[in-house]
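No value in this document is a laboratory result; all are computed from the given coordinates. Fair warning: this is a prediction, and the values are worked out from it, not measured in the lab. In this analysis, Cβ positions are derived from the backbone assuming ideal geometry, glycine residues included, and neighbour counts consider all displayed protein chains.
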Amino acid sequence: MKILNIYQKLLEYFGHQHWWPTIDDKNPKFEIMIGAILTQQTTWKNVEKALRNLRDANLIDPKKLYNLSINDLENLIKSCGFYKVKTKRLRNFLKYFVENFDSNVNKMFSKSLEELRKDLLSINGIGRETCDSILLYAGEKPVFVVDAYTFRLCKRYPIINTKNYEEVREFFEKNLPRDVNLFKEFHALIVELGKNFCKTKPLCDDCPLKEVCKKCV
């Protein structure tokens, strides 16, 4: 099955997911960037708690967050787990963002995809999935986000047999229309599939892709 057909089946079943969700309209792109860091190794529900704490303190603002003390930042993001590590990662990113672009989102995303991806991956604590989430959802750059659910999909369905992030990313990008909205939607739909059906112990009977899953056919 072509991967565009998989996308269409998932879209028909789950509907549009409207990712990335934000809670504050004042600075949504910046919120997406910090949310992508906070969501590492935790659930979105826990990230939302941390983001609400920041919003209520009027801190979804790069310069204010950049100047916030370590202790205060740690206390505000405790709900998302590994808060000491994530505080360091946030501060590393904020240093790059504030000092290189004067907190200007448009200035940052005016860089080419290749240049900006290289920059972000050089920041301690920004891995490939986090980097590409920032590029796609905040920067509207045509890069496909690969996560654990994507690897699981690739393993169980006739897509691509590799555990290499870059190979999977490039495969999706080469075999799909180069459309930012499609990339966003497909990534979100794969997450829904992974959470609801294609779990570690899969629930195959009602899965929208059961007819082509290697575990089921």
Is the range 95-112 home to any residue that is in a helix (DSSP H, G or I) and of a type in the set (Gly, Ala, Ser)? no
Answer with yes or no whether Ser112 is closer than 23 Å to Tyr165 by Cβ and touching a residue at least 60 places away in the same chain (Cβ under 8 Å). no
Applying the selection to the range 29-45, what residues are more than 9 Å from the chain's Cα centre (by Cα) and free of Cβ contacts under 8 Å to residues at least 24 places away in the same chain? Thr43, Trp44, Lys45
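Among the residues of the range 36-45, is any in contact with a Gly (Cβ under 6 Å, 6 or more places away or on another chain) and over 13 Å from Ile134 (Cβ atoms)? So that I can check it myself, show each step before the final result.
Going through the range 36-45, the residues in contact with a Gly (Cβ under 6 Å, 6 or more places away or on another chain) turn out to be 42.
Add one more test, that the residue is over 13 Å from Ile134 (Cβ atoms), and what stays is 42.
The answer is yes, given that some residue of the range 36-45 is in contact with a Gly (Cβ under 6 Å, 6 or more places away or on another chain) and over 13 Å from Ile134 (Cβ atoms).
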Across the range 95-109, what is the number of residues that are touching a residue at least 40 places away in the same chain (Cβ under 8 Å) and buried (at least 19 other Cβ atoms within 10 Å of the Cβ)? 2
Go through the range 77-94 and report how many residues are of a type in the set (A, V, I, L, M, F, W, C), part of a helix (DSSP H, G or I), without any contact (Cβ under 8 Å) to a residue 60 or more places away in the chain and surrounded by 16 or more Cβ atoms within 10 Å (Cβ to Cβ). 3
Only one of Glu31, Glu74, Glu48 that is in a helix (DSSP H, G or I) and buried (at least 21 other Cβ atoms within 10 Å of the Cβ): Glu31
Just one of Thr39, Thr22, Thr43 is of a type outside the set (Lys, Arg) and surrounded by fewer than 17 Cβ atoms within 10 Å (Cβ to Cβ); which is it? Thr43
Of the conditions (1) within 29 Å of Ile190 (Cα to Cα); (2) of a type in the set (Lys, Arg); (3) out of contact with any Cys (no Cβ under 9 Å at 6 or more places or on another chain), Lys49 fails just one. Which one is it? (3)
